[in-house]
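The values are calculated or read from the model by the stated rules, or taken from the named source; none is laboratory data. Please read these numbers as outputs of a predicted model, since none were measured by experiment. Note that we place each Cβ from the backbone using ideal geometry, even for glycine, and neighbour counts take in every protein chain shown. We work out accessible area using only protein heavy atoms, side chains counted, and drop any ligands, DNA or RNA first. Shrake-Rupley method; radii C 1.70, N 1.55, O 1.52, S 1.80 Å.
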Amino acid sequence: MASMDVPADMPKKQAAETAARAAAPPRLTWMTLALMTTASVASLRAAPTMAVYGLACVFLYLVPAIVFLLPTALVSAELASGWSGGVYKWVSEGLSKPLGFLAVWCQFAMTIFYYPSLLAFVASTISYIINPALASNGLYTAIVIMVLYWTGVWVSSQGTKALAGLSSWGLVIGTLVPGTLLVVLGMIFLAQGNPSAAPMTASHLLPEWTGLASLVLIVNNFLSYSGMEMNAVHVSSLKNPAKEYPKSMFLAMGLVLLIFILPALAISWVVPSGQLSLTAGVMQAFDAFFAYFHIGWMTPIAAVMLISASLAGMLTWLAGPSKGLLEISRQEGYLPPYLQQLNKHGIQQNILVTQGIVTTLIALMYAFIPGVSSVYWIFSTITTQVYLIVYLLMFVAAIRLRKNQPDHPRGYRVPALTLVCVVGWLASAAALVIGFVPPSQFGSSSTGAYIAIVGGGLLLLGFLIPWLFLKLRKPSWRTTGGESG
């Protein structure tokens, strides 16, 4: 039907492209993509960690937002408006194809430990509704992790349209609504003359300087903003990627800042820092507000909302990195044919299933190995370190592309790109270095062992495994006419 609308004098190739566009209308709006990106970055889970510092949490969020979030959002907006295909395309065009594979691999690999930690939070929130004693039950936590992950794989395997709707609504219902409710209740609480649990005077705008620990605190917040560029692989699903993707990124950036800062402040108004739980702090605040306003029946409703946000974040992360890995593997033959197979909906189900096996093993470790929490924390640190490699490569690639391909069409150009990239690169490098500083619970005697474990894990997951894929790949693994991204 589309071909009937093509003028007779149009060249054959152009006519074919026009017909293809007409036959395949865009599946995502820029607003939906902004919500998907926000869902993959922002969460109320981190609010209690910063609420401990009261008014200083504004400073602790704004500094990394300026030197990390802003450069990441700006640079990825320019890159995505000029080159579709996500970080692989950007890095391979700017640097080399092997480094492009390294970038997309690192983006994918960091999710290995993201899912269990996210779903463990969901398990504890569910137990808060059913029976709080279950929160410390390892077997219960493992079962919830496995059931929810495999359910997420099934949902993701149904296609992008289903995923977009669930993840976007999950963000609205599970983060924006409860976050707004928390802030509004907090403002009413203060307006009625109740004192804030944390001092809200100008002298508390800056955190107390305690040496390296303060630097670690600031740099660690860089990692809260990871993922702004991840959904760039969906840019081809927009009607006008050159104009709509930058708008999507800027909207997502504003929402992320609001979601991180305002709820953290609201929690600090009602829960004293000495009583604040870093895992259940959000529910503590809701409990306190609901009790004060005599609406305690809303506590389980708030818990269900928080759960939906976490599941939305998982669904978004399932879709992005694995799709990027699939696309470049089909083009260049980086992965074995089994991992390149698609289901009837065109989804990389075998990659998700393989990842699910690893996730299941981690969940079982979580349940049955004593003291696994500290080991698990190390694994999480390693994968975060691995993810920072993506940003180090992305900022360098952006500078090279502006220099080597200055006339390449871009829907958006970053002002002072080199300066923006240098600031973002230095921030990423600082976070990478700080990751080798052991937390206080490891003690000075085990500093060497800690550095060796983190460094060894970084080399294994971030360099050795992708190097083996590159070394062992065969020409027959390449899929002719792979997805264009």
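Quick look at the numbers
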read-out	value
Test: residue in segment 355-369 that is open to solvent by less than 10 Å² (accessible area, probe 1.4 Å), at pLDDT 75 or above and on the phi > 0 side of the Ramachandran plot	no
Near pairs, Cβ below 8 angstrom, 6+ apart or cross-chain, from segment 422-442 (under 14 Å from Ile453 (Cα atoms) and of a type outside the set (A, V, I, L, M, F, W, C)) to any residue that is surrounded by 18 or more Cβ atoms within 10 Å (Cβ to Cβ) and modelled with pLDDT of 80 or more	Gly435/Gln385; Gly435/Leu388; Gly435/Val454
Residue in segment 92-124 that is nearest to the chain's Cα centre (by Cα), counting only those that are more than 30 Å from Asn137 (Cα to Cα) and open to solvent by less than 10 Å² (accessible area, probe 1.4 Å)	Gln107
Odd one out for Arg410, checked against (1) at pLDDT below 85; (2) farther than 25 Å from Lys97 by Cβ; (3) crowded, with 17+ Cβ neighbours inside 10 Å	(2)
Any chance Leu134 is within 20 Å of Arg45 (Cα to Cα), at pLDDT below 85 and touching a Gly at 6+ places or on another chain (Cβ under 7 Å)	no
Residue within segment 22-29 that is touching a Gly at 6+ places or on another chain (Cβ under 7 Å) and either modelled with pLDDT of 85 or more or outside any helix (DSSP H, G or I) (or both) present	no
Test: residue in segment 300-320 that is free of Cβ contacts under 8 Å to residues at least 60 places away in the same chain and open to solvent by 40 Å² or more (accessible area, probe 1.4 Å)	yes
Residue within segment 279-287 that is among the aromatic types (Phe, Trp, Tyr), open to solvent by 10 Å² or more (accessible area, probe 1.4 Å), part of a helix (DSSP H, G or I) and under 23 Å from Pro195 (Cα atoms) present	no
Options Met228, Met253, Met249: the member that is under 16 Å from the mean Cα position of the chain (by Cα), modelled with pLDDT of 70 or more and open to solvent by 20 Å² or more (accessible area, probe 1.4 Å)	Met253
Of residues in segment 277-321 being hydroxyl-bearing (Ser, Thr, Tyr) and at pLDDT 75 or above, the one nearest to Arg478 (Cα to Cα)	Ser310
Selected residue (criterion: surrounded by the fewest Cβ atoms within 10 Å (Cβ to Cβ)) from residues of segment 32-71 that are of a type outside the set (A, V, I, L, M, F, W, C), more than 13 Å from the chain's Cα centre (by Cα) and under 24 Å from Arg413 (Cα atoms)	Thr32
Subset of segment 72-91 that is among the polar types (S, T, N, Q) and either open to solvent by 20 Å² or more (accessible area, probe 1.4 Å) or under 19 Å from the mean Cα position of the chain (by Cα) (or both) - its residue that is nearest to Arg413 (Cα to Cα)	Ser76
Segment 372-393 - residue that is among the aromatic types (Phe, Trp, Tyr) and open to solvent by less than 40 Å² (accessible area, probe 1.4 Å) and, of those, modelled with the highest pLDDT	Tyr391
Inter-residue pairs, beta-carbon under 8 Å, first under 11 Å from Thr383 (Cβ atoms) and in segment 95-110, second open to solvent by 10 Å² or more (accessible area, probe 1.4 Å) and in a helix (DSSP H, G or I), 6+ apart	Cys106/Ile389; Ala109/Leu461; Ala109/Ile465; Met110/Thr384
Breaking point among (1) open to solvent by 30 Å² or more (accessible area, probe 1.4 Å); (2) at pLDDT below 90, for Val396	(2)
